[in-house]
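Just so it is clear, none of the values below were taken in a lab; they were calculated from the coordinates. Fair warning: this is a prediction, and the values are worked out from it, not measured in the lab. All Cβ positions, even for glycine, are placed from backbone atoms using ideal geometry, and neighbour counts span all protein chains on display.
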Amino acid sequence: MEGMIMTAQLLLSLSILIVVHEGGHFFAARLFNIKVEKFYLFFDFLFPMANVLNFSLLKFKKGDTEYGIGWFPLGGYVKIAGMVDESMDKEQLKLPVQPWEFRSKPAWQRLIVMLGGVIVNVIVGIIIFIGMTYVIGDRYILNDFVNNHGGVQALELAQKIGIQTGDKILKINGKDFEYFDDVTKMDALLSQNSSYTVQRGEQEIQIPIPANFIENFGKKEALASFLLPRRLVLVDEVAKDSIAGQLGLKVGDLIVEIEGKPITYFDELRQELKTHQGDSLSFKVKRGAEILAFKTYFKGHTNIGFAIPQYLVPPEGEKSISYSLGQSVVLGPGRAFDVITTQVKAFGKIFRGDISLKKSLSGPIGMAKAYGGTWDWERFWRMTGLLSMVLAFMNLLPIPGLDGGYVMFLLYEMITGREASEKFFENAIKVGMAILLALMVFVFYNDIAKLIMGG
C-alpha cells in the first residue's frame, strides 16, 4: 500500500510538471504562429527510441494538434513542426520550408520557444514556494533551547564524524546560527571545508564534516540517524501487556532514576537498559508531586514498554513564523532559487570527486520514496516545487536532446550568424539521446541496487 501511495504521488507530481513544462514550449510556439503537431504527457514510444512500441493510452485531435497520454511515464514532449526533437522525424525537414515551421523563424524566436518550458517550470516552482510560505509559514527548533536542555543526542551518523551525545553545537562553518534545523541544511553540508563547532564540557571542539558526508542524506531515514535534541523520559503512550502496562505507568509520568542512578534524558534510559545486567530492574517515576518506586522482573526484556512524545521539543523550544502575502512573495523566489544553488554545489562536489555520482543520483524509485508512504499534501507540494526547480536546472544542461542542448546551438547561431549544419545537429541529437539513454539505464540500475541492498 505504501508503495502505491509513493508511486501515485510521484506520478501526479510529474504529470503536473510535465504538462506545465511542455505547455511552456507549446504556448511560446503558438505565440510565434508555429504549428505544434503533438502535445503528449508521457511518451507514446520507448524513450529515447522513437520508433519502438508506438502507442498511446489516450489521444484526441483539436485543431492542428494531437493531444495524448503516452504509455511510458518518464517525461513528455511537444512535436513542433520543422524541428528535430525526441520523435526524430526528419522526413518533414526534406520538404520546402513553410512559414508556420520552427526552422523558418528567426533565432531569437526559436530561443524563446526552447526556453519556454524552463521558464514556466521556474515560475511554477516560485509560485509553489510562495504558496507554501504563505499558507504554512515556518516552524523552527531554537538552537539555544537545545543547548540549554542537554545538547544533542548523537545517533549513528553523528557518532561517525565524532559528535557525542551531550555536545552543544555552537557554530556551523564558523558562523553562529539561531535554528537547530540549520544543522542538516544542504547548504551547510555542501559547503567547502564544512565543520561544526561544539562545546563538550568546558571545551570547544572543531568537528570537520567529511566532503562526501552529504551522501548519507540520500534517503529520508538517514536524517533520523543523525542528530536529535535530547528529550526527557516522559511517558506519552503505554503499550498493552508491557512491563509499563502491568506496573500501571500513566501518560505524563517522568522517569527520574534507574537502578539508583538519576537520569534526565531518554538516551540515558536507553543506554542503561542496553547495558543492564540482572534479572530485575528498579526505577523511580515522578507523577505530579509524588515520586513512585518500581521494581520488576526484567530478564529477556530490552525496554519497559512505553513511547515518549513524538515532538522533539516542547512549544517553548520552537519558533513559529507566519508571513503575509507580500512577505511570501518576497521570500518565495529566494527559497525556490536556493534549490538551484544546492544543485550547482552538488554538481561541483561530484565533479571534484568529493561525492559519488552513484550515491547522488536517484531515479523514479528513489524519487517515489522521497514522497513517503502516506499522503501528505504539505510534503507533496514541497516536493513538487523542489522538482519543478530541479527539472528547470536539469533541462538547461547543454546536452543535445535537452532544452539546454538546443539553446546551446541557438546561441552559437546568434553569436556567429550561421547555423550548425543539419548533419552535425542530427548527429549531436543522436549522441545526446545515447547519453540520456545511458543515464536512464544507470539511474534505474542504481535505484534497484539501492533497493536490494537497503541503501
DSSP beta bridge pairing in the chain, given as percent antiparallel to the nearest 5: 90
Calculated FRET value between Thr184 and Phe337, using beta carbons and R₀ = 25 Å, to 0.05: 0.80
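Sum up the charges of everything whose Cβ sits under 13 Å from the Cβ of Gly125, counting Lys and Arg as +1 and Asp and Glu as -1, but leave Gly125 out.
Details: positive: Arg335, Arg382; negative: Asp338.
Around Gly125, the surrounding residues sum to +1.
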Proxy reagent accessibility, fewest Cβ within 10 Å first, across Val329, Val146: Val329, Val146
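Where in the chain are the helices, taken as whole DSSP H runs, whose Cα atoms extend 18 angstrom or more along the long axis and whose Kyte-Doolittle mean reaches at least 0.0? Please list the in-between numbers first.
Details: long enough: 2-31 (43 Å, 1.15); 107-135 (41 Å, 1.96); 325-352 (41 Å, 0.45); 377-395 (26 Å, 0.47); 403-416 (20 Å, 0.84); 422-453 (46 Å, 1.22).
Span-like helices, by this rule, are 2-31, 107-135, 325-352, 377-395, 403-416, 422-453.
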Neighbour-count ranking [beta-carbon atoms within 10 angstrom, fewest first] of Leu227, Leu411: Leu411, Leu227
Relative contact order (%) - the stretch 237-307, alpha-carbon pairs under 8 angstrom, separation at least six: 38
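Could you work out [θ]222 nm for the chain from helices alone, using -39500 (n - 2.57) per DSSP H run of at least four and dividing by all its residues? Round to the nearest 500 deg cm²/dmol. Provide the component values of the computation, followed by the final result.
Values: 14 runs with 199 residues, N = 455.
It lands at -14000 deg cm²/dmol.
What percent do you get for the relative contact order of the chain when only Cα pairs under 8 Å and 6+ apart count? Don't skip to the answer; put the middle values down first.
Values: 739 pairs, mean separation 81.2, N = 455.
With pairs under 8 Å counted, the relative contact order is 18 percent.
How long is the gain from Ser282 to Phe347 if the chain were fully straight, where each residue apart is worth 0.36 nm and the alpha carbon distance is subtracted?
Numbers: separation 65, 0.36 × 65 = 23.40 nm, distance 5.42 nm.
Additional length available on full extension: 18.0 nm.
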Ascending count of other beta-carbon atoms within 10 Å, so fewest first, for Ser225, Ser194: Ser225, Ser194
Read-out percent of Cα pairs over 40 Å apart, derived from the coordinates shown; its label in [x] 36; [y] 51; [z] 27: [x]
Unsatisfied cross-links (Cα-Cα over 24 Å) in the set Lys250/Lys284; Lys168/Lys299; Lys175/Lys319: Lys168/Lys299
Cα-based reach from Lys345 at 14 Å (exclusive), listing aspartates and glutamates while leaving out same-chain residues under 8 positions away: Asp187, Glu215, Asp354
Label-point separation in nm, Met4 to Ser225, each point 7 Å along Cα→Cβ: 3.0
